Amino acid sequence: MIALSSKKPLTFWLHGLLLAAPLALLTPAIARLESPLPEGIYRAARGYNHAGESCPHRVEIAEVRVSGGIIAFESGDASWTGFINEDTGVIRIEAAGITPRPTSALHIRGHYTKAQLFSAICGSGYFRIFR
């Protein structure tokens, strides 16, 4: 048993505990970060790093549908449709899959937990699906 010293902050002891935890205990948590995304309906959010009037910082998406390698949702008065590798969770939505079609570059690419949203008008942003 470890006696906690009052001179050390709690974060010191938590850090030490995490370092001492067997890797087998941490592996499931790490695996969830890069896990597949099976067919289903999910919630998501998207937004831009430098928000402005027409470039929102965060937009909630109530229903993202994943089925047969296709990802689809409605957001910002547009329908977004693209591809998802359900085994790896990697998304690819290009401007051609957005209706009405944007007049400049716009896409979402990357793993569903940390995908990059890019707009030629708004710049870089993010897209995240929540499980």
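Comparison of Ile129, Ile91, Ile84 shows that the only residue that is touching a His at 6+ places or on another chain (Cβ under 9 Å), part of a strand (DSSP E or B) and closer than 13 Å to Pro36 by Cα is Ile91. Screening Ala44 against (1) more than 14 Å from the chain's Cα centre (by Cα); (2) assigned to a strand (DSSP E or B); (3) surrounded by 12 or more Cβ atoms within 10 Å (Cβ to Cβ) leaves a single unmet condition, (1).
If you go through the range 94-104 one residue at a time, do you hit one that is exposed (fewer than 15 other Cβ atoms within 10 Å of the Cβ) and assigned to a strand (DSSP E or B)? Checking the range 94-104: at least one residue is exposed (fewer than 15 other Cβ atoms within 10 Å of the Cβ) and assigned to a strand (DSSP E or B).
Being among the aliphatic types (A, V, I, L, M), exposed (fewer than 15 other Cβ atoms within 10 Å of the Cβ) and within 17 Å of Ser75 (Cβ to Cβ) is the filter here; which residues of the range 111-131 pass it? Within the range 111-131, just Ile121 meets the criteria. Tell me, yes or no, whether the range 25-32 has at least one residue that is within 26 Å of Phe130 (Cβ to Cβ), among the small types (Gly, Ala, Ser) and either at pLDDT below 60 or part of a helix (DSSP H, G or I) (or both). The answer is yes, given that some residue of the range 25-32 is within 26 Å of Phe130 (Cβ to Cβ), among the small types (Gly, Ala, Ser) and either at pLDDT below 60 or part of a helix (DSSP H, G or I) (or both). Contact annotation: residue pairs with Cβ atoms under 9 Å, 6 or more positions apart or on different chains, pairing a residue in the range 104-115 that is free of Cβ contacts under 8 Å to residues at least 60 places away in the same chain with a partner that is of a type in the set (Asp, Glu) and not in a strand (DSSP E or B), are Leu106/Glu94; His107/Glu94; Arg109/Glu94.
Of all the listed residues (Gly40, Gly47), the sole one being small (Gly, Ala, Ser), modelled with pLDDT of 85 or more and within 19 Å of Gln116 (Cβ to Cβ) is Gly47. Gly69 falls short on exactly one of the conditions (1) surrounded by 14 or more Cβ atoms within 10 Å (Cβ to Cβ); (2) over 15 Å from the mean Cα position of the chain (by Cα), and that condition is (1). Residues in the range 81-101 that are modelled with pLDDT under 95 and over 15 Å from the mean Cα position of the chain (by Cα): Asp87 only.
The values are calculated or read from the model by the stated rules, or taken from the named source; none is laboratory data. Small disclaimer: the values here were computed from a predicted structure and weren't measured. Heads up, the Cβs are rebuilt from the backbone with ideal geometry, glycines too, and the neighbour counts pull from every protein chain shown.
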